[in-house]
Structure formats: structure tokens, C-alpha cells
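Enquirer: One structure coming up, written as C-alpha cells, with questions to follow.
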Amino acid sequence: MTKRLSAYSDSFGGFAMRVIRGKSALVTGAASGIGRAIALRLAAEGARVYLVDINAVGLTKAVAEVKQRGVEALGRLCDVSDSRQVSGAVQHLLDQWGGVDILVNNAGITYYGVTPRMSAEHWDRLLAINLHAPIQFTRELLPTLMSRDEAHVLNVASICGLVGLGRVAAYTTSKFALVGFSESLRAELCRNGLGVTALCPGLVDTNLFTAAPLGIDRSKKRQPPSWLLTTPERVADRAIRAIYRNQGLVVIQPYARFLHLAKRLAPAVLDLGNRFRRRKDRIAPPTGPADAERRAA
């Protein structure tokens, strides 16, 4: 009891996870990028890992890499935009392992282009993957998470979940909502011993932008400058530390922390910068709703 109270007081808002070894974890979007890196770090800490992804080849490789760390691993091919497939993956996990201690909602996509040129189909799929799927995984796994002495939900959001940026309106919308969901869930269930973290990295060296559909206003894929990028492995290291410490909000990279601070302390400065962008960046309205939908899809 004394140790448990100590773990609670050290985490400032919930029970810290003292040990990951022997725990069970589910990671979405685990075939590549941040998801793969977190799955491997959890395995290195001694957790068995259930990996979920739509990429069959990458998933098979990631499962093999996790097993090389000496822990059990299972892979599940799943399009998380399909609620039936999400429920199927959750049920399969429960049938195999009986429950889970750590849930990592990482799967995500983006869209780069101006909002008037984004189709309804793009909006629906992005919100289904980035927001509805994490909510569904969390909701369906909450009974098993809350039954454990130590459990944690890690939602991989973004600096775009704290600061609104242009040409990624749908992505920003989904990440703001994910940060809010994490904060509310933490406030509600911290007294039950459930830890919740919203992980907000800046730009990361993954295929997020290169795999994104483009708006009609863009002619080529957007690749952020290399000096702004961090590696998935560094994000994974920070994620593991956040789980151990039960940190509610983690912002990674100095410039991301600067943007977050500027948004909180001097939002007018950011707003002014957006207003004085070059005139050529002004966006012409579409000729009509139907035309915008047809051209952007």
C-alpha cells in the first residue's frame, strides 16, 4: 500500500507504472515509423506486444523483430478505419491474452493541401483513422485496462494537436480532439489507477507526409526539411519514459515546445504571422461544392 501511494504521488495525477516487464501491450500502426519503434522499445522493456497495422509485409517484419527481443508477439492485419475490424482485433487479443496493460494508439494519416480542396472522403477516412479508431480501441479495452493494478493509455498526437497550422486542417482537427480526449480520460480515471499520456512530437522522419494524398493545389509530395526531423526511436524512448512517469502531456523537440509556449503566452504573435504571409499564398475559393469534391477526390 505504501509503495502504491508513493507511485501515485510521484506521478502527479495518477499511478505511475513501476514495471513494464511482463505486461501486455497493443500498438496500432506498428508496422513502421513511430508505432514500430514503440513496439520494439516495449519489447526491450520485457512486454509482450500485439501489433496492429494494415501493411501486411511491414507487420510481418515488425512482429519478427519484436520476437527477436525475446518476448511474445502477435500481429493482426487491420484497417482501423473499419470499426468492425477494430472490434475483431480487440476480441482476438482478449481471446489470446485475456487483456492488456498498455494501449498505444499510434495509427494515423495526414492530408496536405488547402481545406477548400479536401474531399469529404478524405475527411471521413482521416477522422476515422486518427480519432474514431483510438476512441474505439480505448472504449472497448477500458474494462480490461481498469481491472489491472497498473495500466496506461498512450495516444500519439502531434504538436498539431496543440497549435493550429495551415494546410493540415483535418490532421490538426483530429489531433486537437485526441489531446482533449486524453486530458478528459486522465481527469476522469486517474483515481482508478489508469495513466493516460498525450504524446505530441514535432516533425518525425516517417512516411506520414510522403504517403499522404495531395490537394489539387499541390503538385508534389511535401517533405519537411531534415533539420526539423527527429527519429522514431527518440520518440519511442520518450514514450516509454512518459509511461513510467505517467506524464499527461509530453511535447517533443525544442521548436515544438517553443510553438506551444508561444501559443499559450502570445497567441496574437502567431496569428499576426499567419496574416502577413506572402500574397501568393492566398487561397482562391473553389468554383462550387460539387466541383471541389470532384477535383479533390
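The values are calculated or read from the model by the stated rules, or taken from the named source; none is laboratory data. This is a predicted model, so every value here is computed, not measured. Ideal geometry is used to build each Cβ from the backbone, glycine not excepted, and the neighbour counts take in all protein chains shown.
Enquirer: Being touching a Pro at 6+ places or on another chain (Cβ under 6 Å) and either modelled with pLDDT of 95 or more or not in a helix (DSSP H, G or I) (or both), is that true of even one residue in the stretch 109-123?
Expert: Within the stretch 109-123, one or more residues are touching a Pro at 6+ places or on another chain (Cβ under 6 Å) and either modelled with pLDDT of 95 or more or not in a helix (DSSP H, G or I) (or both).
Enquirer: Return yes or no: is Gly99 in contact with a strand residue (DSSP E or B) (Cβ under 9 Å, 6 or more places away or on another chain), surrounded by 20 or more Cβ atoms within 10 Å (Cβ to Cβ) and over 21 Å from Gly180 (Cβ atoms)?
Expert: Spelling it out, it is not the case that Gly99 is in contact with a strand residue (DSSP E or B) (Cβ under 9 Å, 6 or more places away or on another chain), surrounded by 20 or more Cβ atoms within 10 Å (Cβ to Cβ) and over 21 Å from Gly180 (Cβ atoms).
Enquirer: Only residues in the stretch 59-77 that are surrounded by 20 or more Cβ atoms within 10 Å (Cβ to Cβ) count as the first member; pair them with residues that are among the acidic types (Asp, Glu), Cβ under 7 angstrom, at least 6 apart or cross-chain, and list the lot.
Expert: Sorted first by the residue in the stretch 59-77, then by its partner, the pairs are Leu59/Asp53.
Residues checked against (1) in contact (Cβ under 8 Å) with a residue 12 or more places away in the chain; (2) within 20 Å of Ile109 (Cα to Cα); (3) crowded, with 23+ Cβ neighbours inside 10 Å; (4) not aliphatic (A, V, I, L, M):
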{"site": "Ile38", "(1), (2), (3), (4)": "yes, yes, yes, no"}
{"site": "Arg48", "(1), (2), (3), (4)": "yes, no, no, yes"}
{"site": "Asn55", "(1), (2), (3), (4)": "yes, yes, no, yes"}
{"site": "Gln91", "(1), (2), (3), (4)": "no, no, no, yes"}
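Enquirer: Would you say Asp149 is more than 29 Å from Leu272 (Cβ to Cβ), modelled with pLDDT under 95 and of a type outside the set (Gly, Ala, Ser)?
Expert: So Asp149 fits the description; yes.
Enquirer: Let me ask something additional. Name the single residue that is farthest from Ala239 (Cα to Cα) among those in the stretch 143-169 being within 17 Å of the chain's Cα centre (by Cα) and in contact (Cβ under 8 Å) with a residue 60 or more places away in the chain.
Expert: Filtering the stretch 143-169 for residues that are within 17 Å of the chain's Cα centre (by Cα) and in contact (Cβ under 8 Å) with a residue 60 or more places away in the chain, the one farthest from Ala239 (Cα to Cα) comes out as Val163.
Enquirer: If I filter the stretch 165-197 down to residues being closer than 16 Å to His260 by Cα and at pLDDT below 95, which single residue comes out as surrounded by the most Cβ atoms within 10 Å (Cβ to Cβ)?
Expert: In this case the residue turns out to be Leu165.
Enquirer: Find the helices (runs of 4 or more DSSP H) located wholly in the stretch 198-284 whose residues include 3 or more that are modelled with pLDDT of 95 or more and within 30 Å of Ala47 (Cα to Cα), and list them.
Expert: Passing ranges, in order: 232-245.
Enquirer: Could you please tell me which pairs satisfy a Cβ distance under 9 Å, a separation of 6+ or placement on different chains, a first residue in the stretch 246-274 that is without any contact (Cβ under 8 Å) to a residue 40 or more places away in the chain and within 24 Å of Arg234 (Cα to Cα), and a second residue that is outside any helix (DSSP H, G or I) and of a type in the set (Gly, Ala, Ser)?
Expert: Pro254/Gly202; Arg257/Gly202
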